[in-house]
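Asks: Before I ask anything, let me first share the structure, which is written out below as structure tokens.
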Amino acid sequence: MTAVILTLLLQFYLAGHALAADLPPLKTTISDFAGMFPPASLEDLEHRLHRFATETATHVAILTVKKLDGVKIDALAQEAFNRLPLSDSERQKTVLLVVARAERDLAIHAGAPLRHLLPQPMTNDKLREQIIVYINGLRSDLGIHGAVHYLFRVLRGDARVGVQDADGKLEEMSLRGRGAGAIFALCLGPFLAFFVGGLWGVYATQYGVQRWPRLAMGAIFGGGMAKAVVTATGFLGSASDSLWYFIMAAAIVLGVFGSCTEFWMSGDWRGIPREKGPRRKPEDNMGM
């Protein structure tokens, strides 16, 4: 049994070492291998990291990866921390934040003198609150900006992990609105899917598109509209996987239903007569 446990631990270590070895050379500021930063945002945060290192002699480094491929993120963080281009004395006063975009996971690794300021798992939970809100939105970098700002405050001594000050209360109040994105997506996605499906139905009826291609395109338009709405509302907060599947399913069904406009217009739906009755003449109303 002991041999099995040691073998598994060795495999996890070697897997983390292999993933870290596959990474390009790391920077002392931001190694954005997941492409989460726009150029202007990357330049701004790198400037802030350099200034913080100059003022406090403490380095904060960031590593983003697209996916972990089954590797434990803590093992990757430790291996990447040891590969930072810093001297041993500089590494002792360094904090590395690792973000895995596909798994929506993160980890930090800090030099020994700084670990008492960043107790686990409270620190990871606090940083996760900052990052996960934006990780699948249009500006996934905003969450990392917030996490770095929090690390700055903790490392300067302006805040303590697990102790909520006035800034923390204000931050918590702002984070309570992170569900707004999911609510907007739930309301807008299916509605717009039905609307776009209806427009497509009108077009298809006018140009004589056959029924099955019309319905298939309605499903495609409905799903595409749901994806567009979820992406557009991502800056307000990401939707859970179950909610995302529900929105997609509802949008596809309503997109197909909306594309059935030919039934409504031709009069074949729910017994609506195809042709209107003869128009009554004015003299028919005489004598009433």
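The values are calculated or read from the model by the stated rules, or taken from the named source; none is laboratory data. These figures come from a predicted structure and were not determined experimentally. No Cβ is skipped: glycine too gets one built from the backbone with ideal geometry, and neighbour counts run over all protein chains shown.
Asks: For the stretch 64-73, indicate whether the set of residues that are assigned to a helix (DSSP H, G or I) and of a type outside the set (Phe, Trp, Tyr) is non-empty.
Replies: Our first condition is that a residue be assigned to a helix (DSSP H, G or I); within the stretch 64-73, this holds for 73.
Remaining after also requiring of a type outside the set (Phe, Trp, Tyr): 73.
Yes; the residues of the stretch 64-73 include at least one that is assigned to a helix (DSSP H, G or I) and of a type outside the set (Phe, Trp, Tyr).
Asks: With respect to the numbered conditions (1) over 16 Å from PHE152 (Cβ atoms); (2) among the β-branched types (Val, Ile, Thr); (3) touching a helix residue (DSSP H, G or I) at 6+ places or on another chain (Cβ under 8 Å), which one is the sole condition not fulfilled by ILE73?
Replies: Failing condition for ILE73: (3).
Asks: If PHE221 passes every condition in (1) of a type in the set (A, V, I, L, M, F, W, C); (2) in contact with a Phe, Trp or Tyr (Cβ under 9 Å, 6 or more places away or on another chain); (3) modelled with pLDDT under 80 but one, which one does it miss?
Replies: Here PHE221 clears every test but (3).
Asks: So, LEU49, is that one in contact with a strand residue (DSSP E or B) (Cβ under 6 Å, 6 or more places away or on another chain) and either assigned to a helix (DSSP H, G or I) or at pLDDT below 95 (or both) or not?
Replies: So LEU49 passes the test.
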